[in-house]
Amino acid sequence: MKKYGVNHCAPADIGVFMKRAISAFILFAIIISMQACSDPFQHAAIPSDNVQNEQTFNTNTDFDNRFGRVYEGLVETDEVYYWLSVDSGFVYYVEKDGNGAAPLCGKPNCMHELDTDKGNCNANTKEYLPGLSLYDGKLYFVSTDRSNPQYCCALCRMDPDGTNHERVFFIDTSDYAIQRFWIHRGIVFVAAYTNIVKDGVPLVSICLLCGNLNGTGVAPVLERLYPADECGWPLFFMKFYGNTAFFAVSACSPSDSTALNEIYEYDIDSGAVTERYSAAGCDFQMCDLCMDDNKNIYVSSFATCWDRPVCPSVYLLNDDHFERMLDFNDGTKYGRILLFDRIAVAIHTDVSIHGADTVWVRRLNGDTIAKGALSRDFINGRGDLQYGGCDIAVDEGHIYCFYCGWVKDDYSHAFFVRYDISGESLNEILLAEQGSADTANY
Ligand SMILES: [Zn+2]
């Protein structure tokens, strides 16, 4: 029995961990968003159309960077969305026009219930891990699988109609807990981390594992150890551009409120990992990353670093330092900025269930695409709900939100809402709703 693996991999623990992680993330995002944007700044010279992968993006094999940061798994096809709710662990099939949604099951008499079907529903991934990938016509997810006691989880796949479930391979993360997975150009990437104590010193260890989708599993390609007092609750994210994958790690120091920021480049052709940036004692914690046509790397920041206010900004990586190039200083207390291939999105979270989050969607040259409040009309008539937070993804025409709400302590609702950007207005469409006490009922 491995020292940490069993506890980390128990399904219940993963569920609890994910809920705690999401709660912590939401809290982290909203606690303090004081502005520190008084410094004058100038826009760096950036081409307005700087999406790198538009010409080379292959829908069959390339990971969709838009959805790489949402905890909920999301895949878009021409007709539908596939939504993996981390609240229930079920995959849903969602009509893009808002006219229907259901568990992606395909079994004629299945009630899609967590308890009564004991996990036999095709839509049940038996897991609460974020991530859902469409690759070469198959939907991939990570599932609990203890058929081999050496492992806790497996990479699995199914047909887009929810049938033909099969295990691709077991995932051996050693002593690490899986945080997320991505599939891009035939390579499976898994980010994982664990807390350890070595010689009496608490440490945080992170690991990036990779493997060929046609192979037998994943193996570590990058492992890093940090003192726990420099690395409070690390974030991981990946972005993919052609045959290059960027892996970023960012954390704040609880002891002095500075940040640890690291960016690594993985070359799919050679398998080589190159360090692009690594520093402790930074002024801001990275929130996201993207790249442009000219392979310039941009990062965005949170509005706090532990308990210290920071100006939420976008930065350009210039050799070995970050150059601040785009501030979000309109008086709204934005808590974080996310980056997509063309755009940056600042988000202010309103914790009242009947309130509304505020977003500012801009191209990296500073132009505004949309700005304003995200209405919550879907909440109408649900006075018993408490707000649990929102996860968000954005493209040029849409804002995708995954809201969670809570009734008492253990009964939750999840809402998948799309806002269509029309001019600068935002039109709300409730695409799917999922409630769970002990079922995945609609
Ligand atoms: Zn079912």
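Here is the figure for region 265-282: residues that are surrounded by 15 or more Cβ atoms within 10 Å (Cβ to Cβ) and farther than 15 Å from residue 230 by Cβ total 6.
Listed by position, the strands (runs of 3 or more DSSP E) enclosed by region 314-400 that each have at least 1 residues that are charged (D, E, K, R) are 321-327, 336-339, 357-363, 368-374, 386-394. The lone criterion from (1) within 16 Å of the ligand (Cβ to nearest atom); (2) in contact with a Lys or Arg (Cβ under 9 Å, 6 or more places away or on another chain); (3) touching a residue at least 12 places away in the same chain (Cβ under 8 Å); (4) not aromatic (Phe, Trp, Tyr) left unmet by residue 167 is number (1). Exactly one residue out of 148, 124, 120 is surrounded by fewer than 18 Cβ atoms within 10 Å (Cβ to Cβ), within 16 Å of the ligand (Cβ to nearest atom) and either small (Gly, Ala, Ser) or at pLDDT below 90 (or both): that is 120.
In region 127-143, of all residues being in contact with a Leu (Cβ under 8 Å, 6 or more places away or on another chain) and at pLDDT 90 or above, the one that is farthest from the ligand (Cβ to nearest atom) corresponds to 135. Within the option set 92, 81, being more than 16 Å from the ligand (Cβ to nearest atom) and within 24 Å of residue 398 (Cβ to Cβ) holds for one residue only, 81. Would you say residue 359 is modelled with pLDDT of 95 or more and closer than 23 Å to residue 391 by Cβ? Against the criterion (modelled with pLDDT of 95 or more and closer than 23 Å to residue 391 by Cβ), residue 359 qualifies. Is there a residue in region 387-396 that is loosely packed, with under 14 Cβ neighbours inside 10 Å and either out of contact with any Leu (no Cβ under 9 Å at 6 or more places or on another chain) or at pLDDT below 90 (or both)? So far as region 387-396 goes, no, none of its residues is loosely packed, with under 14 Cβ neighbours inside 10 Å and either out of contact with any Leu (no Cβ under 9 Å at 6 or more places or on another chain) or at pLDDT below 90 (or both).
Where residues in region 317-334 are within 15 Å of residue 279 (Cα to Cα) and modelled with pLDDT of 95 or more, which of them is surrounded by the most Cβ atoms within 10 Å (Cβ to Cβ)? Selected residue: 322. Of everything listed in (1) under 17 Å from the mean Cα position of the chain (by Cα); (2) within 16 Å of the ligand (Cβ to nearest atom), the single unmet condition for residue 74 is (2). Scanning region 176-197 for residues that are of a type in the set (Ser, Thr, Tyr) and not in a strand (DSSP E or B) gives a single hit, 176. When 230, 262, 275 are screened for being modelled with pLDDT under 95 and either in contact with a strand residue (DSSP E or B) (Cβ under 6 Å, 6 or more places away or on another chain) or among the acidic types (Asp, Glu) (or both), only 230 passes. The set of residues in region 369-386 being of a type in the set (S, T, N, Q) and more than 24 Å from the chain's Cα centre (by Cα) consists of 380 alone. Note on region 407-422: residues that are modelled with pLDDT under 80, out of contact with any Ser or Thr (no Cβ under 9 Å at 6 or more places or on another chain) and surrounded by 14 or more Cβ atoms within 10 Å (Cβ to Cβ) amount to 0.
If the condition is being in contact with a helix residue (DSSP H, G or I) (Cβ under 8 Å, 6 or more places away or on another chain), touching a residue at least 40 places away in the same chain (Cβ under 8 Å) and part of a strand (DSSP E or B), then region 248-294 contributes 251, 280, 290.
Taken as a whole, the structure leaves residue 111 outside the set of residues that are within 16 Å of the ligand (Cβ to nearest atom), at pLDDT 90 or above and over 22 Å from residue 209 (Cβ atoms).
The values are calculated or read from the model by the stated rules, or taken from the named source; none is laboratory data. Everything numeric here is computed off the predicted structure, so don't read it as measured data. All Cβ positions, even for glycine, are placed from backbone atoms using ideal geometry, and neighbour counts span all protein chains on display.
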